[in-house]
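To start, the structure itself, in structure tokens.
Values quoted throughout were computed directly from the atomic coordinates according to the rules given, and no laboratory measurement underlies them. Remember, it's a predicted structure, so these values are computed and weren't measured experimentally. Cβ sites come from the backbone with ideal geometry, for glycine too, and all protein chains shown count toward neighbours.
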Amino acid sequence: MALATFSPLLFAFQLPSPVAPLTAPRASVPRASADECVVFSTLAQRRSVAKYDTSRAVPDSVVQAALESAILAPNHFLTEPWRFYQCGEATREKLCALNEDKRAMFEGVPGWMIVTVSTEYDDAGLISTKKGLEDHAAVSCAIQNMMLSFSDDGIGSKWMTGALGIAPEAILGAVGADAAEERFMGAIWYGYPAKPLDPDSKAPPRKLGLDGVLKTLP
């Protein structure tokens, strides 16, 4: 399957059954605690998933919803710096060929989404300008949104970067990204988990906790 073309906002997917807009107004529901908040529940239950059921394809509508969620992330001056490359079979083969030692692992991942940031860079080609750092943060927020959307639809995902063992420049080349304008942010693996996830699972306790990172000021 060839890579979909993309606009500055999002890939132009051709879907048989587009999802409903995610911006419909919702009734305000008072809550007494974080545990009663649907968003908090999704945040607490999301897990990185590395093993998938390769016999089940993730519906296009679910992927579309995850991408629509991604581009709702905050971005300074509305730069919309995110770029997404949904990898079809031929492109996944290109990525496998870039690290034969991990081919078996890669072939066990049914969904690959390469994410890049399109921004400005310093003279050394690094993301160290004020705008570059802001855009980098915005794309990180977009990735989090995407993974939360996947989780809410019962899809596991994992944000992969250096562990792929492939040079970022090689990944950009494999997906046809503009290396002069974009930098690699990660590969988002996604698919139905090989084993059902525990719905009562919670995120492990943070070492610092809230008290260790919060200062309440007068």
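Only Lys, Arg, Asp and Glu count, each charged at its Cβ (+1, +1, -1, -1), so figure out the dipole size of the range 29-186 about its Cα centre, rounded to 20 debye.
460 debye
How large is ³J(HN,Hα) for each residue in the range 100-109, as worked out from phi by the Karplus curve 6.51 cos²θ - 1.76 cosθ + 1.60 (θ = phi - 60°), to whole Hz, x for Gly and Pro?
4, 5, 10, 4, 4, 5, 4, 5, x, 10
Taking amide H atoms as placed 1.01 Å from N in the peptide plane, list the residues 5 or more away in sequence, or in a different chain, whose amide H sits under 5 Å from that of residue 120.
When sequence neighbours closer than 5 places are left aside, the close amide H contacts are 132.
Using θ = phi - 60° and the Karplus relation 6.51 cos²θ - 1.76 cosθ + 1.60, list the HN-Hα couplings for the range 120-137 in order, rounded to whole Hz, with x at every Gly or Pro.
9, 10, 7, 5, 8, x, 9, 7, 9, 6, 4, 5, x, 5, 5, 5, 4, 5
Measure out, as a whole number of angstrom, how far apart the alpha-carbon centroids of the range 112-164 and the range 46-85 sit.
11 Å
Please compare each pair in 94/158; 158/195; 158/202; 131/158 to a cut-off of 22 Å on the Cα-Cα distance and tell me which ones are over it.
Where the Cα-Cα span goes over 22 Å, the pairs concerned are 131/158.
Counting other C-beta atoms within 10 Å, which of 126, 217 has the fewest, and how do the rest follow?
If I rank by nearby Cβ atoms, fewest first, I get 217, 126.
Can you sort 47, 183, 103, 206 by how many other beta carbons sit within 10 Å, fewest first?
Fewest-to-most ranking of 47, 183, 103, 206: 206, 103, 47, 183.
Test of understanding: ordering 166, 114 by Cβ neighbours within 10 Å, fewest first, what list do you get?
166, 114
Considering amide H positions built from the backbone, and no H for Pro or chain starts, which residues 5 or more places from residue 111, or on another chain, come under 5 Å of its amide H?
Under 5 Å from the amide H of residue 111: 190.
In nm, to one decimal, how far is the modelled label at residue 54 from the one at residue 90, with both set 7 Å along Cα→Cβ?
Going by the 7 Å Cα→Cβ label model, 2.1 nm.
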